[in-house]
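Each value in this text was obtained by applying a stated rule to the coordinates, not by laboratory testing. Since this is a predicted model, take the numbers as computed values, not measurements. As a convention, Cβ positions derive from the backbone with ideal geometry for all residues, glycine included, and neighbour counts pool all protein chains shown.
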Amino acid sequence: MQTTMLYMKDNYLKTFSAKVIAVGEDYVVLNQTAFYPLGGGQESDLGTLTYNENIFSIKSVRRDQGQVKHFIVETEKLLKVGNLVECSIDWKRRFIHMRYHTAIHVLSRYMQLEHNADVLGNNISTRSGRVDFDIEDALTEEQLKDIEVGVNKIIDQNLPIEINFIPRDEAITFLKKHGYQTDYIDMIPSSVKIFRIISVGDYDFASCAGTHLANTSEIGKIRITKRRSMGKGKERITLALD
Ligand SMILES: [Zn+2]
């Protein structure tokens, strides 16, 4: 039995009930979860799981051998398959991840439109968000200032973020039409028949399994805190949120 990933449809779900479907020495697998597992450059959610007044802290959530494992201490003694548990997400942490993730989508699109730069990778934590870009020339201080101002202008438009599930072929046509990086489309395994498309107003459309805000107004303002060359033609931009 597979775990239903509740955050795919609802990024604002903070508590939920679930049934334990597998137990390991230090982890449980649930029939459904709103905990985001480590991946796609985003750190995992943390939080708690409660059973019979025992509260377990979730240390990390990771995909492993086709399962989504919620790592906690001493599960075997206290939890069994079939137990119904109450789960609660560390919302403060998750919400910061959401703010960074949506901000990074806006930044990535801005860089594509204004600097013809493709994204090579990204990383999201509670402390910062960063993106590596494929870009010909090193970015100057002035350009970085313009990027910061430009991205904040987009954010200030209070753009709504939508999640849509679109069949593969239709999604690929749609994404290409909207300028989404084709090498990212090619990376999606052919087993994925339905794409999850995240749209930021009419500004950005991306295939993404991450957690996002409902509106760019929740980002606040971005600040570019660091620029680093990662070798010729590769620039890393690090953001902080105010
Ligand atoms: Zn994303």
Check: With each label point set 7 Å from Cα along the Cα-Cβ vector, what nm distance links Asp64 and Thr48?
Finding: 2.4 nm
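Taking the Cα centre of the stretch 94-241 as origin, work out the dipole magnitude from +1 charges on Lys and Arg Cβ and -1 charges on Asp and Glu Cβ, in debye rounded to 20.
In debye, rounded to 20, the stretch 94-241 gives about 620.
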Notebook entry, point to check: What are the residues whose amide H is under 5 Å from the amide H of Ile58, where those residues sit 5 or more places off or on another chain and H is modelled from the backbone?
Noted result: Gly47, Thr48, Leu49
Next item on the list: State the Cα centre-to-centre distance between the stretch 1-49 and the stretch 165-184 in whole Å.
Entry: 27 Å
Check: Put +1 on the Cβ of every Lys and Arg and -1 on every Asp and Glu Cβ in the stretch 94-241; which of Ser108, Asn158, Ile219 then has its Cα farthest towards the positive end of the dipole?
Finding: Ile219
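Pairs Lys59/Lys221; Lys9/Lys193; Lys176/Lys234: which exceed 21 Å Cα-Cα?
Beyond 21 Å: Lys59/Lys221; Lys176/Lys234.
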Next item on the list: Could you work out the equivalent-ellipsoid semi-axes for the chain, taking the square root of 5 times each eigenvalue of the Cα gyration tensor, largest first, in whole Å?
Entry: 35, 19, 16
Next item on the list: Mind running the shape call on the stretch 82-211? Use the C-alpha gyration tensor, a ≥ b ≥ c as the square roots of the eigenvalues: rounded below 1.5 for a/c, prolate if a/b tops b/c, oblate otherwise.
Entry: oblate
Item checked: For the stretch 152-158, 3J(HN,Hα) per residue [Karplus equation, 6.51 cos²θ - 1.76 cosθ + 1.60, θ = phi - 60°, Hz, x = Gly/Pro] -> 5, 5, 5, 4, 5, 6, 6
Next item on the list: Return the FRET efficiency for the residue pair Lys80, Glu142: r is the Cβ-Cβ distance, R0 is 51 Å, and the value is rounded to the nearest 0.05.
Entry: 0.25
Check: Peptides 96-106, 185-195: what's the order by average Cβ count within 10 Å, highest mean first?
Finding: 96-106, 185-195
Check: What range in the chain is the longest one free of GluC sites (Glu not before Pro) that are in a loop by DSSP and have at most 14 other Cβ atoms within 10 angstrom?
Finding: 137-242
Margin query: Please give me the summed charge of the neighbours of Asp118: other residues whose Cβ is under 12 Å from its Cβ, Lys and Arg +1, Asp and Glu -1.
Written below: -3
Check: Taking Cα pairs under 8 Å and at least six residues apart, what relative contact order does the chain come out at, in percent?
Finding: 19 percent
Check: Let a ≥ b ≥ c be the square roots of the eigenvalues of the Cα gyration tensor of the stretch 138-242; is it rounded (a/c under 1.5), or, if not, prolate (a/b larger than b/c) or oblate?
Finding: oblate
Next item on the list: Kindly write out, for the stretch 51-63 in residue order, the coupling ³J(HN,Hα) from the Karplus curve 6.51 cos²θ - 1.76 cosθ + 1.60 (θ = phi - 60°), rounded to whole Hz, with x marking Gly and Pro.
Entry: 9, 6, 6, 8, 9, 10, 8, 8, 8, 5, 10, 9, 7
